[in-house]
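> One structure follows; several queries about it will come next.
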Amino acid sequence: MKQTSHRFSQNVTRALAEPTLKLALDRTTTLLRSRRARVIADFPQYAQARETAQKIKDHTLDNLGHYLRQFEQNAIASGAQVHWAATPAEARKIVTDICTAEGAKTATRVKSMLGEEIGIGEALAEAGVERIETDLAEHIIQLAGDPPSHIVMPAMHKTHEQVAELFADKHAQPSATQDVPALVESARRELRPKFLNADISISGANFLIADTGSFITVTNEGNAELTTTPPRTHIVTVGIEKMVPSLKHAAVFLRLLSRAAIGTEITQYTTFYNGPKRAGDRDGPERVHIVLVDNHRSDMLSDFLRPMLRCIRCGACMNHCPVYSAVGGHAYGAVYPGPMGSVLTPAMTGLKGSKDLPNACTLNGRCKEVCPVNIPLPDMLRSLRARQFDAGMASPRTAWSLRLWAMLATRPALYRLATGAANIGLRVLARGRGKISAVPLAGGWTRTRDLPQPEAGTFMQQYKKKRH
Ligand code: SF4
């Protein structure tokens, strides 16, 4: 999996120093949060749909082998070719071998995080195939040379003013004005001929349907249809966890996905694919290759990370995460950012290479609340921290602090004594100023902000007093 950097704390410092990043994140996350809240409030069956979605996913994961075999059989019957890739390297090889066999020089691509996960961009470049990103946000970051910073809105880190400058610099016929419709028009002029002349199309899939062997993509721009229809060959790279038993089950997720992702009732385009074009069809690809990618997903099936395989990649957990909203996706240094990425990245690349990520969280629980498939992200992050601690990966300071905490937390009398003494100590430090600018051993906190003066007495002391 491609990494932008492993140094989370350095990335965070850099991100916090970028005023335009903060502006871009605030604009989009605020809008997405309010739109989601509105559309969920208008959906009385939301809780029921969420519970049903969780049950469908859990059932499918319990029987994943069965549904994968059923999907393969039906996809082949529809005329598609099915490939299995245990690793990203295998998936890349399958894709580039198909491109070579087809003599492909250009490939249009529909945004897919699985494609990022397996490093499809680099593989195509090495194979001498020009990659054309057709999703507007992916087009922006391809021009900018950036990795995606969000799983649904990959250019969330850019303001539209920055996009206008980029298009003015890179487009053959940039628009004269900087308003959003003019920028969209400029991208359309640039991309339209490339759509029509590509040799191969590459997409992901939002859902695989076991009992028909078909798959579904959802977009808001219609670029999936335009990408996958003209070229003679369509390659689909997709994670095995995207399976659902039938179209009826997929419908439950379609009602949840768009609401959670962008706060609309349904996506603008929902496309159902079933094999290559048949005799008599006017258009469509002649060949369809479906590459089913594992990349540690089957390991997760037997691990406490299993609920992560329910994820439908809506991005709601990111939009509601205070850490993501402050630092953006690039700071995480991984393909999948935010709360879901902090769980998924260690599962896919190992805890050692991503040890900052499970700690990049305040455990406020908002991500779990908004997750449409009820993934217990905070619990899994806590378990990953425990796994790190048990494996001796925590820094000596963190390890000693946790041991001290455990000793106090399991001895109520000692805990009361220590918290009482800490409360007095903090009030002494704040005396006369109402705030504390420096606390021994907590420089990381007080370096950039003051602590308010604590109330007189610990929580338990105040609770007892108020109860009386
Ligand atoms: S973890 Fe939940 S909220 Fe986050 S992207 Fe996945 S489905 Fe959406």
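> Right, Pro378: within 16 Å of the ligand (Cβ to nearest atom) and either closer than 30 Å to Lys57 by Cβ or part of a loop (DSSP other than H, G, I, E, B) (or both) or not?
Values: within 16 Å of the ligand (Cβ to nearest atom): yes; either closer than 30 Å to Lys57 by Cβ or part of a loop (DSSP other than H, G, I, E, B) (or both): yes.
Yes, satisfied.
> Here's something else I'd like to know. Output the qualifying pairs, or none if there are none: Cβ atoms under 7 angstrom, residues six or more apart or on different chains, first residue in the stretch 129-147 and touching a residue at least 12 places away in the same chain (Cβ under 8 Å) and farther than 10 Å from Glu221 by Cβ, second residue open to solvent by less than 40 Å² (accessible area, probe 1.4 Å) and polar (S, T, N, Q).
Partner pairs satisfying both residue conditions: Val129/Thr106; Glu130/Thr106; Ile132/Thr106; Ile132/Thr108.
> Residues in the stretch 283-297: is at least one within 16 Å of the ligand (Cβ to nearest atom) and basic (Lys, Arg)? Outline the logic, then answer.
Just the residues of the stretch 283-297 that are within 16 Å of the ligand (Cβ to nearest atom), to begin with: 297.
Filter once more, keeping what is basic (Lys, Arg): 297.
Looking for residues that are within 16 Å of the ligand (Cβ to nearest atom) and basic (Lys, Arg), one finds at least one in the stretch 283-297, hence yes.
> Among the residues of the stretch 303-316, how many are more than 6 Å from the ligand (Cβ to nearest atom) and either closer than 19 Å to Ile151 by Cα or part of a helix (DSSP H, G or I) (or both)?
Keep residues of the stretch 303-316 that are more than 6 Å from the ligand (Cβ to nearest atom), which gives 303-310.
Next cut, either closer than 19 Å to Ile151 by Cα or part of a helix (DSSP H, G or I) (or both) only: 306-310.
The qualifying residues number 5.
> Select from the stretch 148-158 the residues that are open to solvent by less than 50 Å² (accessible area, probe 1.4 Å) and either touching a Lys or Arg at 6+ places or on another chain (Cβ under 7 Å) or hydrophobic (A, V, I, L, M, F, W, C) (or both) and list them in ascending order.
Ile151, Val152, Pro154, Ala155, Met156 - these are the residues of the stretch 148-158 that are open to solvent by less than 50 Å² (accessible area, probe 1.4 Å) and either touching a Lys or Arg at 6+ places or on another chain (Cβ under 7 Å) or hydrophobic (A, V, I, L, M, F, W, C) (or both).
> Now for a different question. Condition first: surrounded by 20 or more Cβ atoms within 10 Å (Cβ to Cβ) and among the polar types (S, T, N, Q). Now tell me which residues in the stretch 272-300 satisfy that.
Asn295
> What residue, among those in the stretch 425-468 that are of a type in the set (Val, Ile, Thr) and in a helix (DSSP H, G or I), is farthest from Ala413 (Cα to Cα)? Full working, then the answer.
Within the stretch 425-468, the subset of a type in the set (Val, Ile, Thr) is 428, 436, 439, 446, 448, 458.
Adding the requirement that they be in a helix (DSSP H, G or I) leaves 428, 446.
Details: Val428: 23, Thr446: 29 Å.
Residue satisfying both the conditions and the ranking: Thr446.
> When you scan the stretch 357-369, how many residues do you find that are open to solvent by 60 Å² or more (accessible area, probe 1.4 Å), within 15 Å of the ligand (Cβ to nearest atom) and in a loop (DSSP other than H, G, I, E, B)? I'd like the intermediate steps shown before the answer.
Keep residues of the stretch 357-369 that are open to solvent by 60 Å² or more (accessible area, probe 1.4 Å), which gives 359, 362, 364, 366, 368-369.
Going one step further and asking which of them are within 15 Å of the ligand (Cβ to nearest atom), we end up with 364, 366, 368-369.
From what's left, in a loop (DSSP other than H, G, I, E, B): 364.
The qualifying residues number 1.
> Can I ask one more? Got a sec? Which helices (runs of 4 or more DSSP H) wholly within the stretch 55-138 have at least 1 residues that are aromatic (Phe, Trp, Tyr)? Walk me through how you get there before you give the answer.
Details: elements: 64-77, 88-102, 113-118, 120-126.
By residue number, 64-77.
> A follow-up question, please. Quick one: in the stretch 335-356, of everything that is among the hydrophobic types (A, V, I, L, M, F, W, C) and open to solvent by less than 10 Å² (accessible area, probe 1.4 Å), which residue is nearest to the ligand (Cβ to nearest atom)?
In the first step, residues of the stretch 335-356 are kept if they are among the hydrophobic types (A, V, I, L, M, F, W, C); the result is 335, 340, 343-344, 347-348, 351.
With the extra rule that they be open to solvent by less than 10 Å² (accessible area, probe 1.4 Å), the set shrinks to 340, 343-344.
Values: Met340: 4, Val343: 8, Leu344: 8 Å.
Out of the qualifying residues, it is Met340.
> Tell me whether the stretch 51-65 contains one or more residues that are open to solvent by 80 Å² or more (accessible area, probe 1.4 Å), free of Cβ contacts under 8 Å to residues at least 24 places away in the same chain and under 19 Å from Leu254 (Cβ atoms).
yes
> In addition: Checking the structure you have, find out if any residue of the stretch 251-259 is within 29 Å of Met156 (Cα to Cα), open to solvent by 50 Å² or more (accessible area, probe 1.4 Å) and not in a helix (DSSP H, G or I). Before you say what the answer is, go through the steps one by one.
Taking the stretch 251-259 and keeping what is within 29 Å of Met156 (Cα to Cα), we get 251-259.
Then drop every residue that is not open to solvent by 50 Å² or more (accessible area, probe 1.4 Å), which leaves 255.
Still in the list and also not in a helix (DSSP H, G or I): none.
So far as the stretch 251-259 goes, no, none of its residues is within 29 Å of Met156 (Cα to Cα), open to solvent by 50 Å² or more (accessible area, probe 1.4 Å) and not in a helix (DSSP H, G or I).
> Return the residue satisfying two criteria in turn: it lies in the stretch 224-239 and is open to solvent by less than 10 Å² (accessible area, probe 1.4 Å) and touching a helix residue (DSSP H, G or I) at 6+ places or on another chain (Cβ under 8 Å), and of such residues it is nearest to His296 (Cα to Cα). Steps first, answer last, please.
Here is the first cut: in the stretch 224-239, the ones open to solvent by less than 10 Å² (accessible area, probe 1.4 Å) are 224, 227-228, 231, 233-239.
Next, only the ones that are touching a helix residue (DSSP H, G or I) at 6+ places or on another chain (Cβ under 8 Å) stay: 227, 233-235, 237-239.
Working: Thr227: 29, Thr233: 28, His234: 25, Ile235: 22, Thr237: 15, Val238: 13, Gly239: 10 Å.
Taking the candidates together, the pick is Gly239.
> Scan the stretch 399-406 and give yes if some residue there is more than 30 Å from Leu305 (Cβ to Cβ) and surrounded by 12 or more Cβ atoms within 10 Å (Cβ to Cβ), otherwise no.
Filtering the stretch 399-406 for residues more than 30 Å from Leu305 (Cβ to Cβ) gives none.
No, that holds for no residue.
> Sticking with this structure for a sec: Being in contact with a helix residue (DSSP H, G or I) (Cβ under 7 Å, 6 or more places away or on another chain), farther than 17 Å from Pro358 by Cβ, near the ligand (Cβ under 9 Å from one of its atoms) and polar (S, T, N, Q) is the requirement here; does Asn319 meet it?
Values: in contact with a helix residue (DSSP H, G or I) (Cβ under 7 Å, 6 or more places away or on another chain): yes; farther than 17 Å from Pro358 by Cβ: yes; near the ligand (Cβ under 9 Å from one of its atoms): yes; polar (S, T, N, Q): yes.
So Asn319 passes the test.
> Right, something else. Regarding the stretch 452-467, can at least one residue be identified that is assigned by TED's automatic domain parsing to the domain that holds Pro412, free of Cβ contacts under 8 Å to residues at least 24 places away in the same chain and among the β-branched types (Val, Ile, Thr)?
no
The values are calculated or read from the model by the stated rules, or taken from the named source; none is laboratory data. Please read these numbers as outputs of a predicted model, since none were measured by experiment. Cβ atoms come from the backbone with ideal geometry, glycine included; neighbour counts cover every protein chain shown. Note: accessible area is taken over every heavy atom of the protein model, side chains too, but ligands, DNA and RNA are not part of it. Shrake-Rupley method; radii C 1.70, N 1.55, O 1.52, S 1.80 Å.
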